[in-house]
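Presented below is the structure to which this report refers.
The values are calculated or read from the model by the stated rules, or taken from the named source; none is laboratory data. All figures in this text were calculated on a predicted structure; none of them were measured in a lab. Glycine gets a Cβ as well: all are built from the backbone with ideal geometry, and neighbour counts include every protein chain shown.
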Amino acid sequence: MATENNDIEVLTNKEYKYGFITDIEMDIAPPGLNEDVIRLISKKKNEPDWLLEWRLKAYRHWLTMEEPKWHNVQYPPIDYQAASYYAAPKQKKQLSSLDEVDPELLKTYEKLGISLDEQKRLTGVAVDAVFDSVSVATTFKKTLGEMGIIFCSFSEAVHNHPELVKKYLGSVVPYTDNFFASLNSAVFSDGSFCFIPKGVRCPMELSTYFRINAAETGQFERTLIVAEEGAYVSYLEGCTAPMRDTNQLHAAVVELVALDNAQIKYSTVQNWYPGDKEGKGGIYNFVTKRGKAMTNAKISWTQVETGSAITWKYPSCILQGDNSVGEFYSVAVTNHYQQADTGTKMIHIGKNTKSTIVSKGISGGFGQNSYRGLVKIAKGATGSRNFSQCDSLLLGDKCGAHTFPYIEVKNTSSKVEHEASTSKIGEDQIFYCKQRGLSGEDAVNMIVNGFCKEVFRELPMEFAVEAQKLLGVSLEGSVG
Amino acid sequence: MLEVRNLHASVNGNEILHGINLKVNAGEIHAIMGPNGSGKSTFAGVLAGRDAYEVTEGQVLYQGKDLLDMQPEERAREGVFLAFQYPVEIPGVTNTYFLKAGLNAIRKHRGLELLDAVDFLALVKDKMKLVEMDQSLLNRPVNEGFSGGEKKRNEIFQMAVLEPKLSILDETDSGLDIDALRIVADGVNKLRSKENATIIVTHYQRLLNYIVPDFVHVLVDGKIVKSGGKELALLLEERGYDWVREETEAVA
C-alpha cells in the first residue's frame, strides 16, 4: 500500500506548468460592476447600440437573480464588485498582421506551445488566441475565407457580420438563462465566432486558446458557432492561467447552432490553474455551453477537464429537429482540493433523437468529483434513445465521487439506459504493471489512460496528445 | 543464479514462511510442490516483491545482488518474471501497448535501444507462435474478457517477449484443460536455455509430465521438507502430501 500511494502521489503532485505571468501593459477597467462599466466595455469595443442594449438588459436581469446553490461544490461567497470586468493588452491600433502583435504576447503563446505563426502550416489548425478578454490573433483567416468560412474574434464579427451575430446571439443560451450566463451576457468582452456556410466542410480544426493573465480580473468570453445546412466543423478549445493566490472567476458562454444535416464537434481541454496543494488560489470556472441541433444534425461535446479550483459546467444539447444526435464525452480530474460538478443535459424534442453520454471522473487527493446529468425526453420525442455511462475512478481514500443522474421521459416509445460504476485503482493492477518492468508512476498513468480511453479516442489527434500529456500519460502506441 | 537463505515472511503479522532455503542455478528447472496453504504463492510473491508480504528474516541473492533490496520493477528489469496465478485485467490498455511499454522499460534498464512499433510487432509475431496465441488477443485490453486458458497463455506469451532470466510460474496449470496445458508447457520448454532458470510452483504433478523438472521440492507449512529429482513428483501424486508430513514429524 505504501508504494502504491507514493506512486499516485507522484502523479497527482505534478506541478502546474503554465503558471507564469506575462509582463505586458494592460488596459484594465476599475473594479466593480454597474451600468457604467458595461457602457465602458461596449464603448471600448466600439459596439453598435443594439448590443449595448442587449448587455444592459442582461445586466438588469442578472440583478434580479441569485447565485445557484444546488451544486455539490463549496466556495466562499464571490464578491462581484471586487473584480475587474475588462482587461486587455494595450494596443494602439487595429492589427493588420501577426508582425504587429506584441512580441511578449507571441512569446507567451510560444511558451504554451501554441503556434500563431501562419508559416507553420504543418500543424493544420487555425487558431484564435484570446488573452485575458481580448482576441489577439486569428490564423489562417484567408484560407478559410476563400471557402466562405468566417473564423474571427467575437468583436470582429460584431463589426463585420452584425446580421449573423444579431440573428444567433442568445438564440441557444438566452441572456436570462442562468446567473452566470446572464453575467457573461452583460460583460463579455471577446471570444470566438465561427460560421460555416451551407454544405461546406471545414478543412481544418478550428481552435481557440484562452489565457487569463491579469490578476483580479474575471474572464468572460463568448463563443458562437453556426454551422449552416449540411456543414461540418471540428472546434477545439484550450485554456491556461498563471498561478495566483487569489481565486479568479471565469464565466464563459458557448452557443452552437447546427442547422439541418449539419455537424459540430466541440472539444475542450481545460487546464486553468487548479490552485495549490492546500487549495489556495485557482480558477472558478462557471461555464454555460449549449448547442441546438436541427433535423438530422449532430452535436458532439468532448471535454477533458483537469484544471480549475471549481468546475461547474454542463455542455448540453437541445435535440430540436427529428433524428438529431447529441453526444457528450467527458474526463474530469480533481486533485488536491479541486471540486468539479459537471455533466450534461440532453433535451430530446424531435422524433427519433439519439443521445450518448460517457463520463469518466477521476479523483485524487481531497478532490471531489460529481457527475450531474439530465436526460429529458419530451412527449413528442417519440422513438428517442439515450445511453449514459458514468464511471468514477478513485486514486486514494480521501477523495470523493458522486453521481446525480436526472431522467425525465414523457412518452412510452423511448428508451433510456444508464450505467454507472465506481472503482478504486487496484493495488493488483499496479503490481502487475511493475512486475512487467513499468515504474509505479507509469503504471498509474497507464491505468488512468486506459480508464479514459473511450473519451480520448473522440478527441482530434493533436488534442488527444495534449490531453494525455496533461494526465501525465503517454500516448497509446500505434501498434495494434 | 538464485540463493534463498533462511527466508521468513509474514502477511498481516502472521508468519507464513518459516525459513526457506533454496539454490537455483542457470539452466535448471525447479518445481515447488505442496498442499494448499503451505506458502507456495507467498514464496512466489516474496520473490517478485509483492507489497503485502513482509520479509522478517533471511536473505535472497539474485545474480549476486540483494533481491529483497530491489523494488518490484527493478527485479523485473533485472530479469525476474512472475507468471501470475490470477492475471490482472487492465481495461482500456491493449495487450501490445502494455507489453511494449514493459519491454522498453526493461531494455532501457539494460542499456539497449528501444524498439519501435515495427520492430516490436515483428518480435511479437514471432513469439506468438510459441504459445499459439490468437492475433486478436494482441489488440484487446490486457486480460479483459480473456478465458482462463487465454489468460495463462498470455502470461507465457509475455514471458517469451520479455525473455527473463528467472521465471516463476505460479500455479500456471490451474484452470487449464489438457490441450491448453500442453501448449503452455511447450512454450515454456522452448524458452528453456542454459542461461535462464525456472521455478514452477504447483499443487498438481500433471504440469510436470510436460515440463520435466531437474529438482522437486516439497513445501509444507512454510518450510521445504523434502527435495529430490523428478520422481519425487510422481510419488507425491500417488501418495499425496500426508506421508511427507508424517515423515517430517517422525524425524522431528
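Out of curiosity, is B:Gly175 surrounded by 15 or more Cβ atoms within 10 Å (Cβ to Cβ) and either free of Cβ contacts under 8 Å to residues at least 40 places away in the same chain or among the charged types (D, E, K, R) (or both)? For B:Gly175, the condition - surrounded by 15 or more Cβ atoms within 10 Å (Cβ to Cβ) and either free of Cβ contacts under 8 Å to residues at least 40 places away in the same chain or among the charged types (D, E, K, R) (or both) - is met.
Of the residues making up segment B:16-38, those that are over 28 Å from B:Ser193 (Cα atoms), touching a residue at least 60 places away in the same chain (Cβ under 8 Å) and either among the small types (Gly, Ala, Ser) or within 14 Å of chain A (Cβ to nearest Cβ) (or both) are B:Gly19, B:Ser38.
Only a single criterion out of (1) under 15 Å from the mean Cα position of the chain (by Cα); (2) touching a residue at least 60 places away in the same chain (Cβ under 8 Å) is not satisfied by A:Gly275, namely (1). Restricting attention to segment A:6-59, the residues that are of a type in the set (Phe, Trp, Tyr) and modelled with pLDDT under 90 add up to 3. Count of segment B:78-97 residues, restricted to those that are at the interface with chain A (Cβ under 7 Å from one of its Cβ atoms), surrounded by fewer than 19 Cβ atoms within 10 Å (Cβ to Cβ) and aromatic (Phe, Trp, Tyr), is 0. Where strands (runs of 3 or more DSSP E) sit wholly within segment A:351-442, those with at least 3 residues that are crowded, with 23+ Cβ neighbours inside 10 Å occupy A:354-363, A:368-377, A:385-394.
Residue-level check: of (1) β-branched (Val, Ile, Thr); (2) more than 16 Å from A:Thr302 (Cα to Cα); (3) at pLDDT below 95, A:Val333 misses just (2). Is it true that B:Glu155 is out of contact with any helix residue (DSSP H, G or I) (no Cβ under 7 Å at 6 or more places or on another chain) and within 9 Å of another protein chain (Cβ to nearest Cβ)? The answer is no for B:Glu155. If the condition is being in a loop (DSSP other than H, G, I, E, B) and either at pLDDT 90 or above or more than 23 Å from B:Lys40 (Cα to Cα) (or both), then segment B:173-202 contributes B:Arg192, B:Ser193, B:Lys194, B:Glu195, B:Asn196. Of everything in segment A:189-216 that is in a loop (DSSP other than H, G, I, E, B) and at pLDDT 90 or above, the residue that is farthest from A:Ser155 (Cα to Cα) is A:Gly199. Listed conditions (1) loosely packed, with under 15 Cβ neighbours inside 10 Å; (2) facing chain B (nearest Cβ under 7 Å) are all met by A:Ile447, apart from (1). Looking only at segment B:165-181, decide whether some residue is β-branched (Val, Ile, Thr) and closer than 30 Å to B:Glu15 by Cα. Checking segment B:165-181: at least one residue is β-branched (Val, Ile, Thr) and closer than 30 Å to B:Glu15 by Cα. Residues of segment A:415-460 that are without any contact (Cβ under 8 Å) to a residue 24 or more places away in the chain and acidic (Asp, Glu): A:Asp428 alone. Considered as a group, the residues in segment A:138-185 that are closer than 29 Å to A:Thr311 by Cα and aromatic (Phe, Trp, Tyr) include one that is surrounded by the most Cβ atoms within 10 Å (Cβ to Cβ), and that residue is A:Phe151. With respect to the conditions (1) more than 7 Å from every other protein chain (Cβ to nearest Cβ); (2) without any contact (Cβ under 8 Å) to a residue 40 or more places away in the chain; (3) under 20 Å from B:Lys152 (Cβ atoms); (4) of a type in the set (D, E, K, R), B:Arg50 falls short on a single one, namely (1).
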